[in-house]
1. Filter the range 306-331 for residues that are of a type in the set (D, E, K, R) and buried (at least 24 other Cβ atoms within 10 Å of the Cβ); which is farthest from ASP222 (Cα to Cα)?
2. Among the residues of the range 74-114, which ones are open to solvent by less than 60 Å² (accessible area, probe 1.4 Å), over 21 Å from ALA191 (Cα atoms) and out of contact with any strand residue (DSSP E or B) (no Cβ under 8 Å at 6 or more places or on another chain)?
3. Return the residues of the range 31-48 that are in contact with a strand residue (DSSP E or B) (Cβ under 9 Å, 6 or more places away or on another chain) and either part of a helix (DSSP H, G or I) or among the polar types (S, T, N, Q) (or both); say none if nothing qualifies.
4. Within the range 57-68, is there a residue that is open to solvent by 40 Å² or more (accessible area, probe 1.4 Å) and of a type in the set (S, T, N, Q)?
5. Within the group SER232, SER247, which residue is over 23 Å from VAL140 (Cβ atoms) and among the small types (Gly, Ala, Ser)?
6. State whether the residues of the range 157-168 include one that is over 20 Å from the mean Cα position of the chain (by Cα) and modelled with pLDDT of 95 or more.
7. How many residues, within the range 173-199, are crowded, with 19+ Cβ neighbours inside 10 Å, touching a Cys at 6+ places or on another chain (Cβ under 9 Å) and not charged (D, E, K, R)?
8. Pairs please, first residue from the range 309-325 and more than 13 Å from GLY134 (Cα to Cα), second anywhere and open to solvent by 40 Å² or more (accessible area, probe 1.4 Å) and not in a strand (DSSP E or B), Cβ atoms under 6 Å, 6+ apart in sequence or on different chains.
Amino acid sequence: MSVQGNSLLLSNISPAAAPLLYLSQSDLLQLGAASSQHYITAVTQGLAQHADGQVVQPIKPYLRWPEANHIADRIIAMPCYLGGDAPAAGIKWVGSREANGRKFGLPRASAVIILNDVNTNYPIAVLEGSLISGMRTAAVTAIAAKYLTNPGFKSVACIGCGPIAKMQIVTLIEQFPAIEDVYLFDLNPHASELFSRQFSESYPQINFLPMDTAKQAVEKGDLVVTCTVTDSPYVEFDWIKPGAFVSNVSIMDLHKEVFERANKVVVDDWDQCNREKKIINQLVLEGRFSRDQLHAELGELVVGKKAGRDSADEIIVLNAMGMAVDDIACARHFYELAKSRAVGTSLSLF
């Protein structure tokens, strides 16, 4: 087709019809995206909408191909619509390769989030997504801890000492000032030692204590958070002390008996968790767990439909698969903040 023909084809499209805002990670940091409170606010709103049925969230597909040899080798599409007074729609496109660090010197995961105008369905924003993804995951742990830990808990056990662990611990320290001890374990001892040194400099009031085994760390934790890329369970129920809350961030870390013997199991979304042959899905297929045995979805705690912790000795597990609700709620938050502060780069589709 000639240039003239192309011009005629596009002649009815106004370049001003769909302004597009690009927010890099630097832009997000300028907006305060390293602070946990932004995510606590946004994710709490999203969870409440989830509990109130104001969400459209298809099951997220996983894109894998034959050369993907690790459970963390995938690209995931996570679309969502949030209704209510400030409707938003969009998708997170998150790619991950377990070998990125050692082969390419890159973080394991990368992501972009696209927001769409709910009236035209045109894209209105593109946001760097890895920072949002990691921090919103940490916010989910902290929000759950508000309802599921013992008040004034003092110790955290963190298994895995990579970027996700750092965001988890920063968020927990910011949200729970009573924390005194953080017990660390990583299969690479250098990682836990480096984590300890770096965090001790930033938070000298807290003891960061590398442990020799995962068992030693878990046994110490009032709150246990898993931040690994394992594809097989290793945490045994008898490691977990009475009254502990376990945030199973990396999904595959807990043996099946933990779900069966815990006093309460909470998820973010049942349908998202009961899939892909993850541990809960395996238990369901084996007839050992069901939705009737589930205590609650997290949003139900946020809006008061279900109670959180009932007694000091309960062992409670959160198995949050990760929802697009969280990502789009946070993207909506930062998009509105960026517009109000004139942050970001304006682009045009045309």
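The values are calculated or read from the model by the stated rules, or taken from the named source; none is laboratory data. Given the structure is predicted, the values throughout are model-derived calculations rather than measurements. Heads up, the Cβs are rebuilt from the backbone with ideal geometry, glycines too, and the neighbour counts pull from every protein chain shown. Side chains included, ligands, DNA and RNA excluded: accessible areas come from the protein's heavy atoms. Shrake-Rupley method; radii C 1.70, N 1.55, O 1.52, S 1.80 Å.
1. Here is the first cut: in the range 306-331, the ones of a type in the set (D, E, K, R) are 306, 309-310, 313-314, 326-327.
Retained after the next criterion (residues that are buried (at least 24 other Cβ atoms within 10 Å of the Cβ)): 326-327.
Details: ASP326: 25, ASP327: 28 Å.
Applying the filter and picking the extreme gives ASP327.
2. Within the range 74-114, GLY84, ALA86 qualify.
3. Within the range 31-48, GLN45, GLY46, LEU47 qualify.
4. Initially, the range 57-68 is screened for residues open to solvent by 40 Å² or more (accessible area, probe 1.4 Å), giving 58-59, 61-67.
Restricting the remaining residues to those that are of a type in the set (S, T, N, Q) gives none.
Scanning the range 57-68, I find no residue that is open to solvent by 40 Å² or more (accessible area, probe 1.4 Å) and of a type in the set (S, T, N, Q), so the answer is no.
5. Unique residue meeting the criteria: SER232.
6. Kept after step one, since they are over 20 Å from the mean Cα position of the chain (by Cα), are these residues of the range 157-168: none.
No: the range 157-168 contains no residue that is over 20 Å from the mean Cα position of the chain (by Cα) and modelled with pLDDT of 95 or more.
7. Qualifying residue count for the region: 6.
8. That search, which allows pairs on different chains as well, returns ALA312/ASN150; ASP313/PRO242; GLU314/ASN263; ILE315/ASN263.
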